[in-house]
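A quick write-up on the structure given underneath.
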Amino acid sequence: MGILSSIFGKKAAYPGVSYKKKEVNNGNTYEVYTGPSRTVALEFLRQTPVKIERHYIICETPQGNIGKDMIMIFDEASGERIEYGERKSLPELRKSKTLCARCGYPVLPAGPTPAGSTDLVLLDEMKEKGVGCKCSSCSTAWCPFCVDKHKPDVCAICGSKMTLFRE
């Protein structure tokens, strides 16, 4: 049963794309589909949300395989990013300590601060790693795709200062 089955309760049809198999390898889950072209595969992946860490959707095409994870659509052979995955906003902001307040995707912790370094990071670096921010007051998590680009260190729920999510 593919991710579309788990999201929609049945295997949703996407024109020209067929479910092939599911593989679990070293804690990673790969759902493999086949598609007639790279263009069709890209559209399929753009429409398929992945909200589970270490879960990958792969679409095999005659022009090569492309995949999607929680963060991006990528070329499977090289691992290079093709584009970031789109994250649709929830109907309203939600407070959560682990899920983004705006899109509901998991926010990954950055881990401990390495000795001698600071928490100064760019949003693009955070996007690549899937790490986000956390409000110092209401503890709400924010992914780097959803923070206000003009005020990325201000919580849109309570207006307090946000820091790099480290828990």
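Looking at region 84-98 only, could you name the residues that are among the acidic types (Asp, Glu) and touching a residue at least 12 places away in the same chain (Cβ under 8 Å)?
Hit for region 84-98 is GLU86, nothing else.
Yes or no: region 95-106 includes at least one residue that is crowded, with 18+ Cβ neighbours inside 10 Å, part of a loop (DSSP other than H, G, I, E, B), among the hydroxyl-bearing types (Ser, Thr, Tyr) and not assigned by TED's automatic domain parsing to the domain that holds LEU45.
Yes, there is a match, as at least one residue in region 95-106 is crowded, with 18+ Cβ neighbours inside 10 Å, part of a loop (DSSP other than H, G, I, E, B), among the hydroxyl-bearing types (Ser, Thr, Tyr) and not assigned by TED's automatic domain parsing to the domain that holds LEU45.
SER78 fails exactly one of the following numbered conditions: (1) in contact with a Phe, Trp or Tyr (Cβ under 8 Å, 6 or more places away or on another chain); (2) at pLDDT 95 or above; (3) in a loop (DSSP other than H, G, I, E, B). What is the number of that condition?
If we test SER78 against (1) in contact with a Phe, Trp or Tyr (Cβ under 8 Å, 6 or more places away or on another chain); (2) at pLDDT 95 or above; (3) in a loop (DSSP other than H, G, I, E, B), just (1) comes out false.
Inside region 127-167, can you point out the residues that are part of a loop (DSSP other than H, G, I, E, B), among the small types (Gly, Ala, Ser), touching a residue at least 12 places away in the same chain (Cβ under 8 Å) and out of contact with any helix residue (DSSP H, G or I) (no Cβ under 9 Å at 6 or more places or on another chain)?
Correct list: GLY130, SER136, SER137, SER139, ALA156, SER160.
The values are calculated or read from the model by the stated rules, or taken from the named source; none is laboratory data. No experiment lies behind these values; they were computed from the predicted model shown. As a convention, Cβ positions derive from the backbone with ideal geometry for all residues, glycine included, and neighbour counts pool all protein chains shown.
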